[in-house]
1. Given the criteria near the ligand (Cβ under 10 Å from one of its atoms), in a loop (DSSP other than H, G, I, E, B) and at pLDDT 95 or above, does residue 98 qualify?
2. Considering each of 1, 27, 37 in turn, give the residue that is within 12 Å of the ligand (Cβ to nearest atom) and surrounded by fewer than 21 Cβ atoms within 10 Å (Cβ to Cβ).
3. Mind listing whichever residues of the stretch 113-137 are touching a helix residue (DSSP H, G or I) at 6+ places or on another chain (Cβ under 6 Å), under 30 Å from residue 78 (Cα atoms) and more than 10 Å from the ligand (Cβ to nearest atom)?
4. Restricting to the stretch 138-153, what's the tally of residues that are surrounded by 17 or more Cβ atoms within 10 Å (Cβ to Cβ), more than 14 Å from residue 17 (Cα to Cα) and within 12 Å of the ligand (Cβ to nearest atom)?
5. Out of the residues in the stretch 6-24 meeting the condition of being part of a loop (DSSP other than H, G, I, E, B) and within 9 Å of the ligand (Cβ to nearest atom), tell me which one is surrounded by the fewest Cβ atoms within 10 Å (Cβ to Cβ).
6. Can you tell me which residue in the stretch 40-51 is farthest from residue 89 (Cα to Cα), limited to those that are out of contact with any strand residue (DSSP E or B) (no Cβ under 8 Å at 6 or more places or on another chain) and surrounded by fewer than 16 Cβ atoms within 10 Å (Cβ to Cβ)?
7. Does residue 27 count as under 16 Å from residue 135 (Cβ atoms), over 12 Å from the mean Cα position of the chain (by Cα) and assigned to a loop (DSSP other than H, G, I, E, B)?
8. Only residues in the stretch 37-65 that are without any contact (Cβ under 8 Å) to a residue 40 or more places away in the chain count as the first member; pair them with residues that are surrounded by fewer than 19 Cβ atoms within 10 Å (Cβ to Cβ), Cβ under 6 angstrom, at least 6 apart or cross-chain, and list the lot.
Ligand code: SF4
């Protein structure tokens, strides 16, 4: 179970990660990141489970164990902080959400399902290194059919 559920607090999730959770198949930046992301994604794909999310355009729960986390910013490469914030805001705008606000998981999943089509990721995720693998578009496609990607061990 994820830390946020054990601690009884909202999950903090940055805007673009509202899409990433549907494309996650077990790849990631480090073993600790993969373990943390896996728990969060399993929560998203469990239709019997609902919880509260604070949507951010800032470091979130997944960033806390990411090897690219710097002093309050993403330091994956030069310019990555501005890049990820641009992605966050694009997704937040597309889903008509507000940064800093609380939402139920079921609501944000429904918004992604209704408002995002796979090819939207070409713009919403522009510049993301994972886009070329196609799994994120596949995840959105499956979500719209009421299915989820399988996480590979
Ligand atoms: S392409 Fe990148 S930003 Fe978009 S859903 Fe996939 S991992 Fe997330």
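The values are calculated or read from the model by the stated rules, or taken from the named source; none is laboratory data. These numbers were taken from a predicted model, which means no experiment stands behind them. With ideal geometry, Cβ positions are generated from the backbone for all residues, glycine too; neighbour counts draw on all protein chains shown.
1. On the way: near the ligand (Cβ under 10 Å from one of its atoms): no; in a loop (DSSP other than H, G, I, E, B): yes; at pLDDT 95 or above: yes.
No; evaluated as a whole, the condition is false for this residue.
2. The unique qualifying residue is 27.
3. 118
4. Within the stretch 138-153, residues that are surrounded by 17 or more Cβ atoms within 10 Å (Cβ to Cβ), more than 14 Å from residue 17 (Cα to Cα) and within 12 Å of the ligand (Cβ to nearest atom) number 2.
5. Filtering the stretch 6-24 down to residues part of a loop (DSSP other than H, G, I, E, B) leaves 7-10, 15-16, 24.
Applying the additional criterion that residues be within 9 Å of the ligand (Cβ to nearest atom) yields 16, 24.
On the way: 16: 22, 24: 25.
Taking the candidates together, the pick is 16.
6. Here the answer is 48.
7. Details: under 16 Å from residue 135 (Cβ atoms): yes; over 12 Å from the mean Cα position of the chain (by Cα): yes; assigned to a loop (DSSP other than H, G, I, E, B): yes.
Spelling it out, residue 27 is indeed under 16 Å from residue 135 (Cβ atoms), over 12 Å from the mean Cα position of the chain (by Cα) and assigned to a loop (DSSP other than H, G, I, E, B).
8. Qualifying pairs under 6 Å: 39/2; 40/2; 65/32.
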